[in-house]
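Reviewing the structure listed below.
The values are calculated or read from the model by the stated rules, or taken from the named source; none is laboratory data. The structure presented is a predicted model; accordingly, all values stated were derived computationally and were not measured. Cβ coordinates were reconstructed from backbone atoms using ideal geometry, including for glycine residues, and neighbour counts include every protein chain displayed. Side chains are part of the model used for accessible areas, which takes the heavy atoms of the whole protein and leaves out ligands, DNA and RNA. Shrake-Rupley method; radii C 1.70, N 1.55, O 1.52, S 1.80 Å.
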Amino acid sequence: MTVIVKKFGGTSVGDTTKIKNVAKRIIRTIELGHQVVVVVSAMGGSTDRLIALAEEISISPPERELDVLLSTGEQVSIALLAMAVSELGYEAISLTGNQVGILTDGFYSNARIVSINNARILTELDLGKVVILAGFQGVTIDDEITTLGRGASDTTAVAVAASLGAERCEIYTDVDGIFTADPRIVKNARKLNQITHEEMLEMAGLGAKVLHSRSVELAQKFEVPLAVRSSFHQGEGTIIVKESEMMERVVVSGVTSNTDQAKISLIGIEDKPGVAAKVFQAVAEQKINIDMIIQNIGHDGTADLSFTVSEKDLSSTVDIIEKVRRQIKIATVETDSNISKVSVVGIGMVSHVGIAAKMFSALAIENINIQMISTSEIKISCVINQLQTEKAVQVVHDSFDLGRSVS
Ligand code: ADP
Ligand code: ASP
Ligand code: MG
C-alpha cells in the first residue's frame, strides 16, 4: 500500500464543520486503497491568539514557554480531527511532535527538524489507523518542545513524507493552488498548473506564504512530489516540478509582495575601507538577516548606506547601529518601516532582456517611486512605499500579462 501525506492548513480546520469535511476527504483517499498520514495546523487564527495572550503577560516572553504555549494550537486540531474521523467509522490516532519523535535542534520558535522516528507512525498505519500528526512542532534531544517557525506545518508535512518515502505530499489550503499573485490582492491572478522548485522558493522567500520556504527546499532535496490544492474544491491544484519537467515556458511566473520590511539609512557615514564590514558584522552577530543594501558614491569622505531588515528586527538593529556609532562616524540614522518589497519571479528571466525595464515602467506610470532595487537570475525586487503595495502588485502583474490564460 502506498502512503500519502496530506496537510490541512489553519483555515481548512477553522471550525468543527470544516474539520468534519476534512475527515470526509481523508476517508475518500483511504477508500481508494491508500494509507494516509495527515499533518494539521492549528485552527485558523489560534496561533495568533496564543501569541496575543503571551504578549498580554510579557513583551518578550521566555522563548521556551512561548513554544510550549504555541504547540498547544496544533494539539487541539489533531485531537478534534481524530474524533471526526472516528465518528465516520474509521480508526484514527492523533500524535504530537513529541509522541512521534520529530527531533529538532534547540532554536526555539525557529527550530529545524533533525530527524523523524517513523516507527510509531508505521505501527499505527499497520494497525489500519489514519495517523494525524501535529504540524509546526518538534522536540529536542533534551525533551524540550520546539516550534518550527510561522507557517511551518507545510515543512512538517514534507519532512514526514520524505522520511516515510511517501508517494506524494499534498498541501490543502484555502485557495485552489499557487497563483501568479496572491489571489486576495490580484483578482485576475491565474492559477499555475506547475511551478519549479526554484521559482516557488523565491516566491515563498519574497512573501507568498502559500508554502513555507523550507518545505519547498526539503521537497527538492528529497525529491518528494509536492502539490498545493484546495481544501474546499476538487481539482489538481499546482504541482511543484523540476525545471526539466516544466511544460509551460514562461518568462515571469509570479508577482509577490512583502510588507514586513523596514529600511535603515546611515547618512554621512565615513567612506573608507572596513566601514561596511563593521556595520554588517555587528548586525550579523545578533543573527539579524539583512536583505537589500545600497550605498551611494561617496563624496567629501562620506557616503550614504541604506539596508533593509524584517520589521520585527528594526529596533534591535537600531540599537546595534547606535553601538557601532561609537567606533565609526555616522552623521544621522534614519528609519522607515512604511516600506514594502514587490518582486517578479521567473526562471525564464535568465534568457530574456528588458524584464527589469518593463517592471520599472509599470511602476513609473502609476507614479510609484522605487527606493531600492535588487536582482538575481530569477527575480527582480523593488522597495516602494507600503501604501502603494497592492497597486504595484496589480500593475506589475498586468504589465506581464499574467492574468491572461496560456494557450
Ligand atoms: P494555510 O493556513 O492553509 O497554511 P496560508 O494562509 O499559510 O494557508 O497560505 C494560503 C494563502 O497564501 C492564501 O490564502 C493566499 O492569500 C496567500 N498567497 C500569497 N501568495 C499566493 C500565491 N502566489 N498563490 C496562492 N496563494 C497565495
Ligand atoms: N499554526 C502555525 C502558524 O500559524 C503553523 C502553521 O499554520 O503552519 O504559523
Ligand atoms: Mg501556511
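Restricting the search to strands (runs of 3 or more DSSP E) fully inside the range 1-107 and requiring at least 3 residues that are at pLDDT 95 or above and open to solvent by less than 20 Å² (accessible area, probe 1.4 Å) gives 3-8, 35-40. Scanning the range 135-156 for residues that are within 16 Å of ligand 3 (Cβ to nearest atom) and either in contact with a strand residue (DSSP E or B) (Cβ under 7 Å, 6 or more places away or on another chain) or under 19 Å from PHE222 (Cα atoms) (or both) turns up GLY135, PHE136, GLN137, THR147, LEU148, ALA152, SER153, ASP154, THR155, THR156. Entry remark, the range 44-72: residues being out of contact with any Gly (no Cβ under 9 Å at 6 or more places or on another chain) and either free of Cβ contacts under 8 Å to residues at least 24 places away in the same chain or under 19 Å from THR156 (Cβ atoms) (or both) number 20 in total. Can you name the condition, by its number, that SER257 falls short on among (1) closer than 27 Å to VAL350 by Cα; (2) not in a strand (DSSP E or B)? Only one criterion in (1) closer than 27 Å to VAL350 by Cα; (2) not in a strand (DSSP E or B) is unmet by SER257, namely (2). Filtering ARG184, ARG168, ARG229, ARG214 for residues that are in contact with a Pro (Cβ under 8 Å, 6 or more places away or on another chain) and either of a type in the set (D, E, K, R) or more than 29 Å from VAL36 (Cα to Cα) (or both) leaves a single hit, ARG168.
Would you be able to tell me the number of residues in the range 356-394 that are of a type in the set (A, V, I, L, M), closer than 14 Å to SER343 by Cβ and assigned to a helix (DSSP H, G or I)? Residues meeting the conditions: 6. Taking the range 221-230 as the range and being surrounded by 22 or more Cβ atoms within 10 Å (Cβ to Cβ) and assigned to a loop (DSSP other than H, G, I, E, B) as the test, only VAL224 passes.
Every condition in (1) without any contact (Cβ under 8 Å) to a residue 60 or more places away in the chain; (2) under 23 Å from the mean Cα position of the chain (by Cα) holds for LEU122 except the one numbered (2). Tell me, please, whether a residue that is closer than 25 Å to LEU226 by Cβ, within 16 Å of ligand 1 (Cβ to nearest atom) and of a type in the set (Ser, Thr, Tyr) can be found in the range 97-107. Among the residues of the range 97-107, not one is closer than 25 Å to LEU226 by Cβ, within 16 Å of ligand 1 (Cβ to nearest atom) and of a type in the set (Ser, Thr, Tyr), which makes the answer no. Could you check how many residues of the range 178-220 are more than 9 Å from ligand 1 (Cβ to nearest atom), open to solvent by 60 Å² or more (accessible area, probe 1.4 Å) and either within 15 Å of LEU402 (Cβ to Cβ) or free of Cβ contacts under 8 Å to residues at least 40 places away in the same chain (or both)? Adding up the residues that qualify gives 5. Applying the selection to the range 180-221, what residues are within 16 Å of ligand 3 (Cβ to nearest atom) and within 20 Å of CYS382 (Cα to Cα)? Of everything in the range 180-221, those that are within 16 Å of ligand 3 (Cβ to nearest atom) and within 20 Å of CYS382 (Cα to Cα) turn out to be ASP182, MET200, LEU201, MET203, ALA204, GLY205, LEU206, GLY207, ALA208, LYS209. Would you please name the residue that is farthest from ILE4 (Cα to Cα), looking only at residues in the range 108-131 that are part of a loop (DSSP other than H, G, I, E, B) and in contact with a strand residue (DSSP E or B) (Cβ under 7 Å, 6 or more places away or on another chain)? Selected residue: TYR108.
PRO273 fulfils the conditions (1) in contact with a strand residue (DSSP E or B) (Cβ under 7 Å, 6 or more places away or on another chain); (2) open to solvent by 20 Å² or more (accessible area, probe 1.4 Å) except for a single criterion, (1).
Residues in the range 124-177 that are aliphatic (A, V, I, L, M), within 11 Å of ligand 1 (Cβ to nearest atom), farther than 24 Å from LEU66 by Cα and open to solvent by less than 10 Å² (accessible area, probe 1.4 Å): ILE171 only.
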